[in-house]
Structures are given as C-alpha cells and as structure tokens.
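Novice: Quick one: this structure, given as structure tokens, is what I'll be asking you about.
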Amino acid sequence: MKCDYCGKTPQYGHNVSHSHRLTNKRSQPNCHPVRVLLDGKSTRLSLCTRCIRTLARTPA
C-alpha cells in the first residue's frame, strides 16, 4: 500500500502489553482506488483518504 499522490507508506511500531512485552505491528495507510482527471485524462490512482479529501476541495 502506497499513496500515489503523497507517497504515504506503512508505518511500523510496537504493541505494548501491560507487562511491557513488545510485539511488532504495522499500520497501513487507508488507500482506495480512485479515478482522477490528470491533464484532461481520467486515470486510476491509489489515494489515501486525506488526499481524496484534499483533491475534492480544490477547484477544477
């Protein structure tokens, strides 16, 4: 998973239990396939939801 607009990729960290044992975890960006007009052509991109909201706000 990678956002084609901002380049957001998975983040890595640890789940920390009450006894402070660390287990690995990976958080994926919330990406969705979206049709976007680029240079007058409709192209399909994988965008995170923040970029979808940003592109929806900008005037065409």
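Novice: Below 8 Å between Cα atoms, with a sequence gap of 6+, how large is the relative contact order for segment 1-47 in percent?
Specialist: 36 percent
Novice: Please work out how much length the chain gains when fully extended from residue 43 to residue 20, using 0.36 nm per residue of separation minus the C-alpha to C-alpha distance, in nm with one decimal.
Specialist: 3.6 nm
Novice: Would you kindly calculate the mean projected area, averaged across all directions, of the convex hull enclosing the Cα atoms of segment 11-57, in square nanometres?
Specialist: Details: hull surface 18.4 nm².
The orientation-averaged projected area of the Cα hull of segment 11-57 comes to 4.6 nm².
Novice: Here's something else I'd like to know. Nothing charged except the Cβ atoms of Lys and Arg (+1) and of Asp and Glu (-1): what's the magnitude of the dipole of the chain about its Cα centre? Round to the nearest 20 debye.
Specialist: Roughly 120 debye, rounded to the nearest 20.
No lab work stands behind these numbers, since they all come straight from the coordinates. The structure presented is a predicted model; accordingly, all values stated were derived computationally and were not measured. Positions of Cβ are generated from backbone atoms using ideal geometry, with glycine treated the same way; all protein chains shown enter the neighbour counts.
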